[in-house]
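Take a look at the structure below.
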Number of protein chains: 2
Amino acid sequence: MGHAVAEALGDLLKRTLRANLYQALTENIGEGVDEVTYPVLSGLARTGPRSAADLAGEVGLDRSGVSRRASRLEAAGLVRRAPDPADRRAVLLTLTDQGAETVALMRERLAARIEESLNSWPEGEARSFARNLRRFLDEGPFKDVQ
Amino acid sequence: MGHAVAEALGDLLKRTLRANLYQALTENIGEGVDEVTYPVLSGLARTGPRSAADLAGEVGLDRSGVSRRASRLEAAGLVRRAPDPADRRAVLLTLTDQGAETVALMRERLAARIEESLNSWPEGEARSFARNLRRFLDEGPFKDVQ
DNA sequence: GGGTATTACGTGCGTGGCGCACGCTACCCT
DNA sequence: AGGGTAGCGTGCGCCACGCACGTAATACCC
């Protein structure tokens, strides 16, 4: 059982990394977002305006890396750097309207793609899978990673 | 449903990449294998001796990258370069005994770790999860990636 | 059968992204 | 008021990658 799950996870990881997913999801969208910059965009969408240093932990990167990625997104008009009114040293990375739309659209596209393939599953199996996948995150071997 | 699975997959990807998994799995093992070299080692274990060019597609890398990674594994004594007897231009990458043992041990460790956390699941749920995970690979949105 | 095109390999070169550390500005605290 | 601290952006060196070149062995073709 452990072996089967391990092999499946390995395959899943390999395929998702190789699927050129970002390229597919960003079709007909502004050019600023790719596999490198998306985690920053998504992180901001998840939690609202934050500093690069704050995001760094979540993205799994150094502060400098987040800053550089944010610069790209800024150049593409998806992120805005705004001085923190409470602390003028700090800089808050904020999604522009276009940035928020972009990440929403990408998520919608991915979800639709998954939904579509789940539609042909036996009734209830898809729901069971979704539940167990979440359980695997909460109780599985990586439960206290982040 | 699609959204829930998409988010879970994202989390799963993020955590597995961040879990320092290779570091944990290679504890008390020779130093030659890490997250960079493991895919080559594992690929060889899966299919037997192959050329670097052949492996490249599966690893998702250029021929040169595979060759360089193989050189590291060779220096660590886990892989051997053997001339192909049928074509003296070709070079076959082959696992040494130590290389085969290493990959087997790493797989065993990962499987055990997963198994352990699955033991506390409700009866049958783990089996259902394993089955559906495999189904997701075979019929899901990434079914024809590789 | 010999000469040319092709195939396979390893490696130098340029590129890109990373972490570290520096300098600078703004804040805090006594 | 002034020294210490926190937060930022960016230059620097490093490492892995893909591309392309050179070399050696094979395949093809007249």
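The values are calculated or read from the model by the stated rules, or taken from the named source; none is laboratory data. Note that the coordinates shown come from a computational prediction; the quantities given were computed from them, not determined experimentally. Positions of Cβ are backbone-derived with ideal geometry, glycine not excepted, and every protein chain shown enters the neighbour counts.
A few comments on the model shown:
- Count of the range B:47-83 residues, restricted to those that are closer than 24 Å to B:GLY30 by Cα, charged (D, E, K, R) and either within 12 Å of DNA strand D (Cβ to nearest atom) or touching a residue at least 40 places away in the same chain (Cβ under 8 Å) (or both), is 4.
- Unique match (being surrounded by fewer than 17 Cβ atoms within 10 Å (Cβ to Cβ) and in contact with a helix residue (DSSP H, G or I) (Cβ under 6 Å, 6 or more places away or on another chain)) among A:GLY43, A:GLY57, A:GLY77, A:GLY48: A:GLY77
- Residues of the range A:15-31 include none that is in a helix (DSSP H, G or I) and either at positive phi or at pLDDT 95 or above (or both).
- Those residues of the range A:128-143 which are within 7 Å of another protein chain (Cβ to nearest Cβ) and either surrounded by fewer than 16 Cβ atoms within 10 Å (Cβ to Cβ) or in contact with a strand residue (DSSP E or B) (Cβ under 6 Å, 6 or more places away or on another chain) (or both), in sequence order: A:GLU139
- Contacts under 6 angstrom Cβ, first residue in the range B:19-36 being closer than 14 Å to B:LEU110 by Cα, partner of a type in the set (Asp, Glu), 6 or more apart: B:TYR22/B:ASP34; B:TYR22/B:GLU35
- Being among the hydroxyl-bearing types (Ser, Thr, Tyr) and assigned to a loop (DSSP other than H, G, I, E, B) is true of B:SER120.
- The set of residues in the range B:70-105 that are of a type in the set (A, V, I, L, M, F, W, C), more than 20 Å from B:GLU35 (Cα to Cα) and near DNA strand C (Cβ under 9 Å from one of its atoms) comprises B:ALA90, B:VAL91, B:LEU92.
- Set side by side, the residues B:SER67, B:SER42 differ, and just one is within 16 Å of DNA strand C (Cβ to nearest atom), polar (S, T, N, Q) and either outside any loop (DSSP other than H, G, I, E, B) or more than 14 Å from chain A (Cβ to nearest Cβ) (or both), which is B:SER67.
- Note on the range B:89-126: among residues that are within 7 Å of another protein chain (Cβ to nearest Cβ) and of a type in the set (D, E, K, R), the one that is surrounded by the fewest Cβ atoms within 10 Å (Cβ to Cβ) is B:GLU125.
- B:GLY2 being under 19 Å from B:THR96 (Cα atoms), touching a Leu at 6+ places or on another chain (Cβ under 9 Å) and crowded, with 18+ Cβ neighbours inside 10 Å: no
- Residue under evaluation B:ALA86, criteria (1) touching a residue at least 40 places away in the same chain (Cβ under 8 Å); (2) more than 10 Å from chain A (Cβ to nearest Cβ), criterion not met: (1)
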